[in-house]
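Below: the structure, in structure tokens.
The values are calculated or read from the model by the stated rules, or taken from the named source; none is laboratory data. Just so we're clear, the structure is a prediction, and the values are computed from it rather than from any experiment. Neighbour counts are summed over all protein chains in view; Cβ atoms, including those assigned to glycine, are modelled from backbone coordinates with ideal geometry.
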Amino acid sequence: MTVVALRPKAQSMPNATPKNVIDVKDLSLVFQTNDGPVNALSNINLAVNGGEFVSFIGPSGCGKTTLLRVIADLEQPTSGTISVNGMTPSEARQNRAYGYVFQAAALYPWRTIGGNISLPLEVMGVPKAERASRIAKNLELVNLAGFEKKFPWQLSGGMQQRASIARALSFDPDMLLMDEPFGALDEIVRDHLNEELLKLWAKTQKTVIFVTHSIPEAVFLSTKIVVMSPRPGRIHEIIDCNLGTERTLDIRETPEFLEIAHRVREGLRHGHSYDE
Amino acid sequence: MNFIRNSVVPVGTVLLAILALWYAFAIILNAPFERDQAARANTTIATGQLIANTMAQERPVLPAPHQVAEEIRKTVFDISPTSKRSLVYHGGVTLSSTLLGFGLGTLLGILLAIAIVHSRTLDKSLMPWIITSQTVPILAIAPMIIVVLNAVNITGLLPKAMISTYLSFFPVAVGMVKGLRSPEIMHLDLMHTYNASKAQVFWKLRWPASMPYLFTSMKIAVAISLVGAIVGELPTGAVAGIGARLLAGSYYGQTVQIWAALIAAALMAAILVSLIGLVATLVNRRMGVRP
């Protein structure tokens, strides 16, 4: 097997517009369930630029995870178009454009931390020596150097999630798709990982799509916040949010931060997210 | 110290209880014969003598444990293993067909499970037949397998092993279908985002995830393989093997011989199951299972 090109450069794609990495137009998704059709996503329009940090926020059932899964080619839309790097999500997936991080770390329990990071590289046919250097590099990136030989159960929840981020980054994907990655962690660990993630984003310059339930998390991390509302799942409002590149947790007490958080909350309220 | 308290004491206690029960039943079941003998000779027999006699009969209804132990000692250590009177010889015959049948059965079970997991059609069409196969009484089908295979000139080890295979593929197939389907959706989705091939999903995810299921079903499979081998030895005319030993024992009323063969079979099964347990432990250690 020949070595697979790990990252198709967006610029080299003939159809790609240089700016929009993700382009969603009039996208809808209807799930057929036993209780009849469910409008999981309805008329979604969204453009994401390269290098942005975009958060999807909204209550359960607003379709934020479904939208992320559509981008990752894990769900198929019923109507509308979506392009990723100028390709269909399926082609983008075959080009290994996605590093996906789930709510649970989803590490393979029979592989060591190093083995887990090696997994996508093995699947993609990266030679052994190259794998070793990438494992070391990515463990360094998430501050887990020295844990390569440990098994997942020997690590705390926060460390496991960091290992799972290292795994997603190991094959240098175009974008990082994160589905409530810190939702299962306690707030102290979560705050810490938010800061780490921000540094990581600055270092890697990747496009990040981040699904969350938490308003402070979304405001703290994002350059763009997509407020979604349920029944049918739709985008209520897109709020620009840029609190500067050098952010620490202290920024959460500044008026600018509170102002944006307020706007997000208002957006959620108008989207009937607080209705019973 | 912990080992003695946690293992030796409870296991030893149960063993002693079983032995005591066994002796009690030996005395109760063998006593009528002694009383009849005494009555026939127009004498009475003292209780002490009666009890001593019940444990030393030549063809007791239930032989006492020490009689069985003595028979095993004699047929294992005193007689050359190449002799047809040696329990080692018969045990070896049964063991070889058990292992061959178990190996083939495990392989067949795994292959069926792989086919079923990867094809919806096979899942729907094969599974009912697999289950039906096990509802046929093996005692009825065993002679037919031997006779049919004999007719096409397949004789010796293989026909007996086929019966073991017939029994042992089932737990492996059922266990492995469950095992190969055990990966979480997230683990599968992850492979999908890597654009992994079906073969990669199998070797890097489904197969390692199924290991606990494999060893559990192999433990069941090896025990019933032994049963299959013994059953397979009955219709072959009692030539050789533990089954032949049982059959010969019952023809000639050699109850001690029957029990010696039974105990030998039970010991063999226990050893085989523990060996698989040992392999499972080694594999678990390699796979980083939490101790």
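Every residue in the stretch A:126-140 that is part of a loop (DSSP other than H, G, I, E, B) and either among the polar types (S, T, N, Q) or surrounded by 12 or more Cβ atoms within 10 Å (Cβ to Cβ) (or both), please.
If the condition is that a residue be part of a loop (DSSP other than H, G, I, E, B) and either among the polar types (S, T, N, Q) or surrounded by 12 or more Cβ atoms within 10 Å (Cβ to Cβ) (or both), then A:126 is the only one that fits.
Quick check on the stretch A:123-145. Is at least one of its residues facing chain B (nearest Cβ under 10 Å) and closer than 21 Å to residue B:185 by Cβ?
yes
Pairs please, first residue from the stretch A:114-130 and more than 10 Å from residue A:167 (Cβ to Cβ), second anywhere and among the small types (Gly, Ala, Ser), Cβ atoms under 8 Å, 6+ apart in sequence or on different chains.
A:123/B:196
Report, by residue number, each residue of the stretch A:60-78 that is more than 27 Å from residue B:196 (Cα to Cα) and either modelled with pLDDT of 85 or more or buried (at least 23 other Cβ atoms within 10 Å of the Cβ) (or both). Steps first, please.
Our first condition is that a residue be more than 27 Å from residue B:196 (Cα to Cα); within the stretch A:60-78, this holds for A:60-62.
Passing the criteria: only A:62.
Restricting to the stretch A:243-265, name every residue that is in contact with a strand residue (DSSP E or B) (Cβ under 9 Å, 6 or more places away or on another chain) and farther than 25 Å from residue A:25 by Cβ. Even if it seems obvious, please write down each step before you answer.
Taking the stretch A:243-265 and keeping what is in contact with a strand residue (DSSP E or B) (Cβ under 9 Å, 6 or more places away or on another chain), we get A:260, A:263-264.
Selection gives A:260, A:263.
Give the number of residues within the stretch A:75-115 that are within 15 Å of the chain's Cα centre (by Cα) and among the polar types (S, T, N, Q).
The total comes to 1.
Look through the stretch A:69-117, keep the residues that are hydroxyl-bearing (Ser, Thr, Tyr) and part of a strand (DSSP E or B), and return whichever of them is farthest from the other protein chains (Cβ to nearest Cβ). Spell out the reasoning first.
The initial filter retains those residues of the stretch A:69-117 that are hydroxyl-bearing (Ser, Thr, Tyr), namely A:78-79, A:81, A:83, A:88, A:90, A:98, A:100, A:108, A:112.
Remaining after also requiring part of a strand (DSSP E or B): A:79, A:81, A:83, A:98, A:100.
Working: A:79: 23, A:81: 21, A:83: 18, A:98: 5, A:100: 5 Å.
Among residues in the stretch A:69-117 that are hydroxyl-bearing (Ser, Thr, Tyr) and part of a strand (DSSP E or B), the one farthest from the other protein chains (Cβ to nearest Cβ) is A:79.
So, restricting to helices (runs of 4 or more DSSP H) that lie completely within the stretch B:146-244, which ones have at least 3 residues that are under 23 Å from the mean Cα position of the chain (by Cα)?
Details: elements: B:157-180, B:185-193, B:198-201, B:207-233.
The qualifying helices (runs of 4 or more DSSP H) are B:157-180, B:207-233.
Could you pull out the residue among A:79, A:83, A:133, A:118 that is out of contact with any Leu (no Cβ under 8 Å at 6 or more places or on another chain) and assigned by TED's automatic domain parsing to the domain that holds residue A:231? Talk me through it step by step, then tell me what you get.
Working: A:79 fails: out of contact with any Leu (no Cβ under 8 Å at 6 or more places or on another chain); A:133 fails: assigned by TED's automatic domain parsing to the domain that holds residue A:231; A:118 fails: assigned by TED's automatic domain parsing to the domain that holds residue A:231.
A:83 is the lone residue from the list that is out of contact with any Leu (no Cβ under 8 Å at 6 or more places or on another chain) and assigned by TED's automatic domain parsing to the domain that holds residue A:231.
Quickly run through the stretch A:146-165 and pick out the residues that are farther than 18 Å from residue A:191 by Cα and within 14 Å of chain B (Cβ to nearest Cβ).
First, the residues of the stretch A:146-165 that are farther than 18 Å from residue A:191 by Cα: A:146-155.
Selection gives A:147, A:148, A:149, A:150, A:151, A:152, A:153, A:154, A:155.
Tell me which of these residue B:120 doesn't satisfy, since it passes every other one: (1) closer than 30 Å to residue B:175 by Cβ; (2) basic (Lys, Arg); (3) not assigned by TED's automatic domain parsing to the domain that holds residue B:202.
(3)
Residue A:172 is checked against (1) within 18 Å of residue A:206 (Cα to Cα); (2) buried (at least 21 other Cβ atoms within 10 Å of the Cβ); (3) more than 9 Å from chain B (Cβ to nearest Cβ) and fails just one. What number does that condition carry?
Unmet condition: (2).
If we keep just the residues of the stretch A:123-157 that are polar (S, T, N, Q) and more than 21 Å from the chain's Cα centre (by Cα), which is nearest to residue B:286 (Cα to Cα)? Explain how you work it out, then say what you get.
In the first step, residues of the stretch A:123-157 are kept if they are polar (S, T, N, Q); the result is A:133, A:138, A:143, A:154, A:156.
After this cut, where a residue has to be more than 21 Å from the chain's Cα centre (by Cα) as well, the list is A:133, A:154, A:156.
Working: A:133: 24, A:154: 15, A:156: 21 Å.
Top of the filtered list is A:154.
Filter the stretch B:250-291 down to residues that are within 14 Å of chain A (Cβ to nearest Cβ) and either among the hydroxyl-bearing types (Ser, Thr, Tyr) or not in a helix (DSSP H, G or I) (or both) and give me whichever is surrounded by the most Cβ atoms within 10 Å (Cβ to Cβ).
So the residue we want is B:288.
Of all residues in the stretch A:217-248, which are under 17 Å from residue A:53 (Cα atoms) and more than 20 Å from the chain's Cα centre (by Cα)?
A:244, A:246, A:248, listed by residue number.
With respect to residue B:139, is the statement that it is in contact (Cβ under 8 Å) with a residue 24 or more places away in the chain, surrounded by 14 or more Cβ atoms within 10 Å (Cβ to Cβ) and closer than 17 Å to residue B:231 by Cβ true?
Numbers: in contact (Cβ under 8 Å) with a residue 24 or more places away in the chain: yes; surrounded by 14 or more Cβ atoms within 10 Å (Cβ to Cβ): no; closer than 17 Å to residue B:231 by Cβ: yes.
No, not satisfied.
Hey, among A:45, A:15, A:20, which residue is farther than 24 Å from residue A:271 by Cβ and either touching a strand residue (DSSP E or B) at 6+ places or on another chain (Cβ under 6 Å) or modelled with pLDDT of 85 or more (or both)?
Exactly one residue qualifies, and that residue is A:20.
For the stretch B:214-234, does any single residue satisfy the condition of being away from chain A (no Cβ under 11 Å), touching a Lys or Arg at 6+ places or on another chain (Cβ under 8 Å) and under 30 Å from residue B:58 (Cβ atoms)?
yes
Starting from the stretch B:174-190, keep only residues that are closer than 26 Å to residue A:76 by Cα and within 13 Å of chain A (Cβ to nearest Cβ), then list their pairs with residues that are part of a helix (DSSP H, G or I) and hydroxyl-bearing (Ser, Thr, Tyr) whose Cβ atoms are within a distance under 7 Å, requiring at least 6 positions of separation or different chains.
From the stretch B:174-190, the pairs are B:182/B:210; B:182/B:213.
Among the residues of the stretch B:27-77, which ones are of a type in the set (Lys, Arg) and under 21 Å from residue B:257 (Cβ atoms)?
Start the filter on the stretch B:27-77 by keeping residues that are of a type in the set (Lys, Arg), which leaves B:35, B:40, B:59, B:73-74.
The answer is B:59, B:73, B:74.
Suppose we filter B:74, B:84 for residues that are touching a residue at least 24 places away in the same chain (Cβ under 8 Å) and surrounded by fewer than 19 Cβ atoms within 10 Å (Cβ to Cβ); which single one remains?
So the residue among B:74, B:84 that is touching a residue at least 24 places away in the same chain (Cβ under 8 Å) and surrounded by fewer than 19 Cβ atoms within 10 Å (Cβ to Cβ) is B:84.
Filter the stretch B:233-249 down to the residues that are small (Gly, Ala, Ser) and surrounded by fewer than 22 Cβ atoms within 10 Å (Cβ to Cβ) and list them by number.
Result: B:237, B:238, B:240, B:244, B:248, B:249.
Would you mind listing the helices (runs of 4 or more DSSP H) fully within the stretch B:40-137 where at least 3 residues are aliphatic (A, V, I, L, M) and under 22 Å from the mean Cα position of the chain (by Cα)? First the steps, then the outcome.
Details: elements: B:47-54, B:65-73, B:87-118, B:120-133.
Here the list reads B:65-73, B:87-118.
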